[in-house]
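Sharing a structure below in structure tokens format, with a few things to ask.
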Amino acid sequence: MDMKKRVSLELRHRSPTEVQELVLDNCRSGEGKIEGITEEFSNLELLSLINVGLTSVADIPKLDKLKKLELSDNRISGGLEVLAERLVNLTHLNLSGNKFKDISTLEPLKKLPQLKSLDLFNCEVTNLADYRESIFKLLPQLTYLDGYDIDDCEASDSDGEGDGVEDEDEEGLEGESEDFDEEEEEDEEDVVAEEDDSADDSADEEEGEVNGDLDSEDEEDEDDDDDVVVLSSADEDSSPAKGEKRKRDPEDEEDEEEDD
């Protein structure tokens, strides 16, 4: 995809003034030049042109707010004067993987007073003796060269910029996670309490059922006791003993003789 078409796609129906970051990596520049980027991108702060086949930056427009320019893996070998003229607030410049051979080709960068970070990794100039000392001497405004300061201390990911925002985000996330953990603990306590209540209710119901069964059995036993006929001692006396004949009374014998 050519660079002009890629620029149109990246706009996504926005006007150039609304764009703060423009990433055109791996597209193709016509004749090794920058295309499709104009001064209308007046609020652009980051421009990435990695591996787009550039041989020159002569056509880069004036972008007063641009801070970061990524030009790695191209074929640029000089002509950096234009950067000092048109990108006056540039702070980060990545030229790694290009064709810079001599330190003198980097001298125009002296006119970028805000330049803090320069990357020349995989450029031939890095093979020169006293390369690092020479670059820091040539560009005293630099803080980092190839990701390390003059004392060989590695740069942070954001080079100190935006650390406050990241810290706030991390604190916010930690606070959210703590709140979430507290909510989870409260939910777990509620669940345990509900389970205990339900368990108590179930135990009460079971106990009630058992007591109810016992009560009903007691009532049945009482009913059975009521049905039992208690023989009085008088009745027991009036009934003949088993195996004995009933004696005839004299009155009964007289009645029988009269009938004869």
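Could you grab me the full set of residues in segment 39-52 that are surrounded by fewer than 20 Cβ atoms within 10 Å (Cβ to Cβ) and either hydroxyl-bearing (Ser, Thr, Tyr) or assigned to a loop (DSSP other than H, G, I, E, B) (or both)?
Within segment 39-52, the first condition is being surrounded by fewer than 20 Cβ atoms within 10 Å (Cβ to Cβ), and the residues that meet it are 39-40, 42-43, 45-46, 48, 50-51.
Scanning segment 39-52 gives Glu39, Glu40, Ser42, Asn43, Glu45, Ser48, Ile50, Asn51.
Per-residue answers, yes or no, for (1) of a type in the set (D, E, K, R); (2) closer than 22 Å to Glu45 by Cβ; (3) not in a strand (DSSP E or B):
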position	(1), (2), (3)
Thr105	no, no, yes
Leu115	no, yes, yes
Val125	no, no, yes
Ala129	no, no, yes
Ser134	no, no, yes
Lys137	yes, no, yes
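In segment 1-21, how many residues are in a strand (DSSP E or B) and over 16 Å from Asn74 (Cβ atoms)? Spell out how you get there, then give the answer.
Pass one, segment 1-21, residues in a strand (DSSP E or B): 2, 21.
This time we only want the ones that are over 16 Å from Asn74 (Cβ atoms), so: 21.
Within segment 1-21, residues that are in a strand (DSSP E or B) and over 16 Å from Asn74 (Cβ atoms) number 1.
Please list, ordered by first then second residue, the pairs with beta carbon atoms under 9 Å, 6 or more apart or interchain, first in segment 20-32 and hydrophobic (A, V, I, L, M, F, W, C), second open to solvent by 100 Å² or more (accessible area, probe 1.4 Å) and in a loop (DSSP other than H, G, I, E, B).
As it stands, the answer is Cys27/Met1, since those pairs meet every condition given.
Restricting to segment 53-76, name every residue that is over 14 Å from Phe121 (Cα atoms), in a loop (DSSP other than H, G, I, E, B) and not charged (D, E, K, R). First the steps, then the outcome.
At the first step, the residues of segment 53-76 found to be over 14 Å from Phe121 (Cα atoms) are 53-69.
Those left that are additionally in a loop (DSSP other than H, G, I, E, B): 53-67.
If the condition is that a residue be over 14 Å from Phe121 (Cα atoms), in a loop (DSSP other than H, G, I, E, B) and not charged (D, E, K, R), then Gly53, Leu54, Thr55, Ser56, Val57, Ala58, Ile60, Pro61, Leu63, Leu66 are the ones that fit.
I'd like to verify a number: residues in segment 78-100 that are open to solvent by 10 Å² or more (accessible area, probe 1.4 Å) and either part of a helix (DSSP H, G or I) or within 25 Å of Asn43 (Cβ to Cβ) (or both), how many?
Qualifying residue count for the region: 10.
The values are calculated or read from the model by the stated rules, or taken from the named source; none is laboratory data. Keep in mind that what you see is a predicted model, and the values were worked out from it rather than measured. Backbone-built Cβ (ideal geometry, glycine too); neighbour counts: all protein chains shown. Keep in mind that these areas ignore ligands, DNA and RNA; they rest on the heavy atoms of the full protein, side chains included. Shrake-Rupley method; radii C 1.70, N 1.55, O 1.52, S 1.80 Å.
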